[in-house]
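Got a structure for you, written out below as structure tokens; questions coming shortly.
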Amino acid sequence: MNTIKMVEETLQNMDESIISVAELKRKLPKQVNHNTLTTILEYLEESDKIAVSIKGITWIHNDHPGLNKAISRGIEL
């Protein structure tokens with residue numbers, strides 16, 4: 001499994017709603033180095049799959065077709 005998919009799946013399947021970088025590193029195999037993880041997290045944030053805040057990282061991506069349909073039919077306030 002490639003490293004990006006491994007990080008994505010770990011974030012998607014975490015029990016907590018927010019996770020720190022240190023906690024995420026503990027959940028990943030030791031082979032994932034810090035620089036690689038940082039690059040992956042930057043990519044996921046730019047792709048709007050995660051939100052990064054002072055408190056930690058949260059998975060925000062939702063590809064449910066029903067949600068996308070509701071958003072497209074909704075009105076902006």
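Could you do me a favour and compute the accessible area per residue for the chain, 1.4 Å probe, result in Å²?
Numbers: 5860 Å² over 77 residues.
Accessible surface, normalised per residue, equals 76 Å².
Just to be sure I understand, if you calculate Rg and Dmax of the Cα atoms in Å for this structure, which of (i) 13.3, 47; (ii) 14.3, 46; (iii) 18.0, 63 do you get?
Computed from the coordinates, Rg and Dmax of the Cα atoms in Å corresponds to (ii).
Something else now. Over the chain, with every protein chain in place, what whole percent of the accessible area is carbon and sulfur at 1.4 Å, could you tell me? Can you show the working numbers first?
Numbers: 3060 of 5860 Å².
Carbon with sulfur: 52 percent of the solvent-accessible area.
While we're looking at this one, here's another question. Roughly how many debye, to the nearest 20, is the charge dipole of the chain about its Cα centre, given +1 on each Lys and Arg Cβ, -1 on each Asp and Glu Cβ, and no other charges?
On the way: 9 positive and 11 negative charges, 42 e Å.
Around 200 debye, computed over the chain.
Using the Karplus curve 6.51 cos²θ - 1.76 cosθ + 1.60 with θ = phi - 60°, work out ³J(HN,Hα) for each residue of segment 45-57 in order, rounded to whole Hz, and write x for Gly and Pro.
With the stated coefficients, segment 45-57 comes to 5, 5, 8, 6, 9, 9, 10, 10, 9, 4, 6, x, 10 Hz.
The values are calculated or read from the model by the stated rules, or taken from the named source; none is laboratory data. Here the structure is a predicted model, which is why all the values come from computation and not from measurement. So basically every Cβ, Gly included, is an ideal-geometry build from the backbone, and we count neighbours across all protein chains shown. What goes into the accessible areas is simple: the full protein's heavy atoms, side chains included, and nothing from ligands, DNA or RNA. Shrake-Rupley method; radii C 1.70, N 1.55, O 1.52, S 1.80 Å.
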